[in-house]
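Heads up, the thing below is written out as structure tokens.
Taken together, the values in this text are just the output of simple stated rules run on the coordinates, not laboratory data. Here the structure is a predicted model, which means the values were calculated and not measured. Glycine gets a Cβ as well: all are built from the backbone with ideal geometry, and neighbour counts include every protein chain shown.
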Amino acid sequence: MKIAVASQNRREITGHTGRCRKFWIYKVENGGVVNKELLELSKEQSFHDSSPHDLSPFDDIKILIAAGMGSGLLRRLEMIGGKGLITSETDPDKAIEDFLKGNLVTLPAEPHEHSHKHAN
């Protein structure tokens with residue numbers, strides 16, 4: 001299983017996930033992390049600037065952990081078989097550790113929707 005953590009500064013978990021372009025990708029096997037690598041997206045690949053109908057580097061991600069995301073992004077993740085989790089934890093490695101132990105404290109989705117259109 002692959003888990004992504006939004007981390008624009010590569011040190012802390014990022015809030016505005018739609019505009020985030022740096023994500024830690026954790027590969028998990030048998031309940032433990034076996035690999036961690038940084039995924040850097042172009043502006044056009046960010047959730048905010050890409051179409052949900054295009055192929056995405058997140059198509060094989062099962063969990064996306066961030067400090068904030070709206071309900072539109074949560075639905076988009078569900079469309080590809082993934083799930084978004086919002087947390088107040090700031091350390092990416094600690095968030096993964098807590099998630100794997102079943103201890104990650106999560107928060108509700110942000111209630112806003114964007115009113116602009118994305119390219120198709």
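Computed values, structure above
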| quantity | calculated |
| --- | --- |
| Selection count, region 88-112, where residues are crowded, with 19+ Cβ neighbours inside 10 Å and either touching a Cys at 6+ places or on another chain (Cβ under 6 Å) or among the small types (Gly, Ala, Ser) (or both) | 1 |
| Subset of region 33-87 [surrounded by 15 or more Cβ atoms within 10 Å (Cβ to Cβ), in a helix (DSSP H, G or I) and among the charged types (D, E, K, R)] | ARG76 |
| Those residues of region 13-57 which are over 13 Å from the mean Cα position of the chain (by Cα) and more than 19 Å from ARG76 (Cβ to Cβ), in sequence order | LYS27, VAL28, GLU29, ASN30, GLY31, GLY32, VAL33, VAL34, ASN35, LYS36, GLU37 |
| Residue check, ASN9 assigned to a loop (DSSP other than H, G, I, E, B), in contact with a helix residue (DSSP H, G or I) (Cβ under 9 Å, 6 or more places away or on another chain) and free of Cβ contacts under 8 Å to residues at least 24 places away in the same chain | no |
